[in-house]
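Right, one structure below, let's go through it.
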Amino acid sequence: MRHLMNPLDFSVEELERLFNLADDIEANMDKYAHACQGKKLATCFYEPSTRTRLSFEAAMLNLGGSVIGFSDASSSSVSKGESVSDTIRVISCFADICAMRHHKEGAPMVAASKSSIPVINAGDGGHQHPTQTLTDLLTIRSLKGRLDHFTIGLCGDLKFGRTAHSLVNALVRYEGIRFIFISPRELMIPDYITDMLKEKNIPYEEVIRLDDIMPKLDLLYMTRVQKERFFNEEDYVRLKDFYILDAAKMRLAAPDMLVLHPLPRVNEISVEVDNDPRAAYFKQVQYGVYVRMALILTLLNITVD
């Protein structure tokens with residue numbers, strides 16, 4: 001039995017097989033329509049979610065399986081004081097695989113240590129979001145044709161942004177990646193990320209102004225300033241609109257640069273960018289379904305001929 005806690009739990013070769021499977025699923029959805037018939041996915045979401053939870057549920061339903069679970073901790077026995085360890089032991093009696101999102105870092109890891117079914121970390125606090133990273137990698141691979149030799153700018157909340165942290169950790173295993181971190185000083189990428197890049201001799205820059213680096217980018221990964229991670233309202237209000245990607249800034253970018261965003265967005269990408277062919281964030285959502293279908297099949301050891 002295997003779990004997914006961190007994007008690095010899969011080797012580069014294993015990711016290649018996973019993405020090839022996702023590509024085949026995209027091209028042959030009917031072929032996989034009954035692959036998980038009789039199987040149940042439990043979605044245990046202690047934090048609000050739209051895309052991740054519904055993407056997992058859509059993935060399992062597309063595979064012919066069924067879904068149980070909760071979308072709010074207050075509607076589960078957690079509100080009575082039940083521990084994560086006990087919850088997963090109970091869920092293991094009902095389901096074949098579990099996707100868990102939790103506000104506490106490391107909670108899905110605790111669940112995995114006590115579980116008798118595969119557990120997928122669907123986001124734990126500001127720590128990791130591995131299936132979003134798999135989605136990001138599949139999107140880049142599908143639209144750019146490669147996962148190496150490009151410059152990526154990550155913009156916004158890089159201090160608390162688990163999607164940014166996970167993506168950087170995943171991309172450093174590919175050749176020729178250059179990072180540009182764009183953030184206000186209060187939301188800079190953590191030292192443990194930059195220390196790792198220095199140790200691996202991977203080039204990076206830290207800048208404040210987005211406009212100046214737009215022409216250098218092959219990919220721009222926008223993130224929102226996350227209100228739920230702030231300890232006081234004043235700091236959030238001051239920083240929430242620090243970056244707004246609009247049509248004027250897009251005119252500074254290369255014709256083939258892609259804009260990604262894990263969503264939800266607030267104000268950091270103007271709706272006028274949505275019609276730009278370089279805006280890939282809604283395509284990203286669709287790729288998220290394919291990669292989660294591939295992941296469910298992989299963790300359940302189900303093959304389709």
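For the range 47-69, taking the residues that are of a type in the set (Ser, Thr, Tyr) and buried (at least 23 other Cβ atoms within 10 Å of the Cβ), the one that is nearest to residue 103 (Cα to Cα) is identified as 52.
Of the residues making up the range 249-278, those that are surrounded by 12 or more Cβ atoms within 10 Å (Cβ to Cβ), at pLDDT 95 or above and either over 19 Å from residue 140 (Cα atoms) or touching a His at 6+ places or on another chain (Cβ under 9 Å) (or both) are 249, 252, 269, 270, 272.
Of the listed requirements (1) without any contact (Cβ under 8 Å) to a residue 40 or more places away in the chain; (2) touching a strand residue (DSSP E or B) at 6+ places or on another chain (Cβ under 6 Å); (3) among the hydrophobic types (A, V, I, L, M, F, W, C); (4) closer than 19 Å to residue 288 by Cβ, residue 98 misses just one: (1).
Does residue 198 satisfy the criteria of being touching a Pro at 6+ places or on another chain (Cβ under 7 Å) and either part of a loop (DSSP other than H, G, I, E, B) or surrounded by fewer than 16 Cβ atoms within 10 Å (Cβ to Cβ) (or both)? So residue 198 does not fit the description; no.
Looking only at residues of the range 1-39 that are in contact with a Gly (Cβ under 7 Å, 6 or more places away or on another chain) and without any contact (Cβ under 8 Å) to a residue 60 or more places away in the chain, we find that the one that is least open to solvent (accessible area, probe 1.4 Å) is 33.
Looking at this structure, is residue 208 touching a helix residue (DSSP H, G or I) at 6+ places or on another chain (Cβ under 8 Å) and at pLDDT 95 or above? The answer is no for residue 208. Every condition in (1) under 30 Å from residue 3 (Cα atoms); (2) open to solvent by 20 Å² or more (accessible area, probe 1.4 Å); (3) modelled with pLDDT of 95 or more; (4) in a loop (DSSP other than H, G, I, E, B) holds for residue 143 except the one numbered (4).
Considered as a group, the residues in the range 148-180 that are open to solvent by 20 Å² or more (accessible area, probe 1.4 Å) and of a type in the set (A, V, I, L, M, F, W, C) include one that is farthest from the chain's Cα centre (by Cα), and that residue is 172. Among all residues of the range 55-70, there is at least one that is without any contact (Cβ under 8 Å) to a residue 24 or more places away in the chain and out of contact with any Phe, Trp or Tyr (no Cβ under 9 Å at 6 or more places or on another chain). Would it be correct to say that residue 131 is within 25 Å of residue 178 (Cα to Cα), part of a helix (DSSP H, G or I), in contact with a Leu (Cβ under 9 Å, 6 or more places away or on another chain) and β-branched (Val, Ile, Thr)? Judged against the criteria, residue 131 is a match.
Note on the range 101-112: residues that are closer than 10 Å to residue 84 by Cβ and loosely packed, with under 15 Cβ neighbours inside 10 Å total 1.
Here the range 114-130 is the region considered, the condition is being closer than 17 Å to residue 169 by Cα, touching a residue at least 40 places away in the same chain (Cβ under 8 Å) and surrounded by 21 or more Cβ atoms within 10 Å (Cβ to Cβ), and the residue that is farthest from the chain's Cα centre (by Cα) is 121. Of the strands (runs of 3 or more DSSP E) that lie entirely inside the range 31-113, those containing 3 or more residues that are closer than 19 Å to residue 285 by Cβ and within 23 Å of the chain's Cα centre (by Cα) span 40-45. When 20, 28 are checked against the criterion of being at pLDDT 95 or above, under 20 Å from the mean Cα position of the chain (by Cα) and not charged (D, E, K, R), 20 stands alone in meeting it.
Within the set 55, 49, 71, the sole residue that is out of contact with any strand residue (DSSP E or B) (no Cβ under 7 Å at 6 or more places or on another chain) and among the small types (Gly, Ala, Ser) turns out to be 55.
The values are calculated or read from the model by the stated rules, or taken from the named source; none is laboratory data. Computed from a prediction, not measured in an experiment: that's the story for all the values here. Counting neighbours? That spans all protein chains shown, and the Cβs are built from the backbone with ideal geometry, glycine included. Accessible surface is based on the protein model in full, side chains and every heavy atom, while ligands, DNA and RNA are left aside. Shrake-Rupley method; radii C 1.70, N 1.55, O 1.52, S 1.80 Å.
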